[in-house]
1. Does LEU140 qualify as being part of a loop (DSSP other than H, G, I, E, B), open to solvent by less than 60 Å² (accessible area, probe 1.4 Å) and at pLDDT 80 or above?
2. Yes or no: LEU100 under 20 Å from THR31 (Cβ atoms) and either touching a His at 6+ places or on another chain (Cβ under 9 Å) or open to solvent by less than 50 Å² (accessible area, probe 1.4 Å) (or both)?
3. Pairs only if they're at least six apart or on different chains, beta carbon under 8 angstrom, first in region 83-101 and free of Cβ contacts under 8 Å to residues at least 12 places away in the same chain, second hydroxyl-bearing (Ser, Thr, Tyr) and open to solvent by less than 20 Å² (accessible area, probe 1.4 Å); list them, first residue then second.
4. Scan the helices (runs of 4 or more DSSP H) fully inside region 15-129 and keep the ones with 2 or more residues being within 28 Å of ASP180 (Cα to Cα) and at pLDDT 90 or above.
5. Could we say that ALA92 is surrounded by 13 or more Cβ atoms within 10 Å (Cβ to Cβ) and of a type outside the set (Asp, Glu) here?
6. Only residues that are more than 19 Å from the chain's Cα centre (by Cα), within 18 Å of LEU109 (Cα to Cα) and of a type in the set (Lys, Arg): list them for region 32-81, please.
7. Is one or more of the residues making up region 119-134 farther than 18 Å from LEU35 by Cβ, basic (Lys, Arg) and surrounded by fewer than 20 Cβ atoms within 10 Å (Cβ to Cβ)?
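The values are calculated or read from the model by the stated rules, or taken from the named source; none is laboratory data. Since the structure is predicted, the reported quantities are computational estimates derived from the model, not experimental observations. Counting neighbours? That spans all protein chains shown, and the Cβs are built from the backbone with ideal geometry, glycine included. For the accessible areas, the whole protein counts, side chains as well, though only heavy atoms, and no ligand, DNA or RNA atoms are used. Shrake-Rupley method; radii C 1.70, N 1.55, O 1.52, S 1.80 Å.
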Amino acid sequence: MATMTRSLLARGYASAAASVKLTSLSGTYATSTYLAAARKSSKELDAVAKDLQGLEKRLKEDAQVKDFLKNPTLTDVERKKVIDSLAPSSSASPILSNLLKVLASNGRLSLFPSIITDFATLMSAHRGELVVTITSAEPLGSGEMKRLEKALKASQAAQGKDLKLVNKVNEGILGGLQVDFGDKTIDLSASSRVTKFGAALTESI
């Protein structure tokens, strides 16, 4: 009975992962981490998610650590110090530690912030949330995010679902705004990114 229950849970976790299209390299790492934790137990999955949330907050507050992750010239000793700092062996999940070790050995520690975001997207799918990724050239203010959320909640795609808005920064957007949810993508110009949002949703969904 216990084996059957674990099998059903594993299928549910895999289904949640399959429902989210993460085609980037960071998405591949995030999906592998998610499935490894889910196969172990729901408790482990929650623990990894909690650890990653804490690390996301730390990276936002500690520019030095974030710069270390981006530095391709780090020595093996320096990489180990970064990993030990982010995932102490005494408290961090072995799955999280292994992820960081793999990234370090492949020279891809710079992907870690994106992996955290992609992992959160997978967790949201598992919880039945509708994740909306808003990509902008610079961070959006709380007022803009609330107005966008209000417009989204009025759309047909959001009916009966809990929305989770994630703001990604990409300077390549050049002042524009891109909104991704499910298999939908809406591009808005910088000047009309909020005022035209409701109309763009109506036309695209």
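1. yes
2. yes
3. Filtered contacts from region 83-101: SER89/SER97.
4. Counting at least 2 such residues, we get 25-40, 42-61, 94-105, 112-126.
5. yes
6. ARG79, LYS80, LYS81
7. No, region 119-134 contains no residue that is farther than 18 Å from LEU35 by Cβ, basic (Lys, Arg) and surrounded by fewer than 20 Cβ atoms within 10 Å (Cβ to Cβ).
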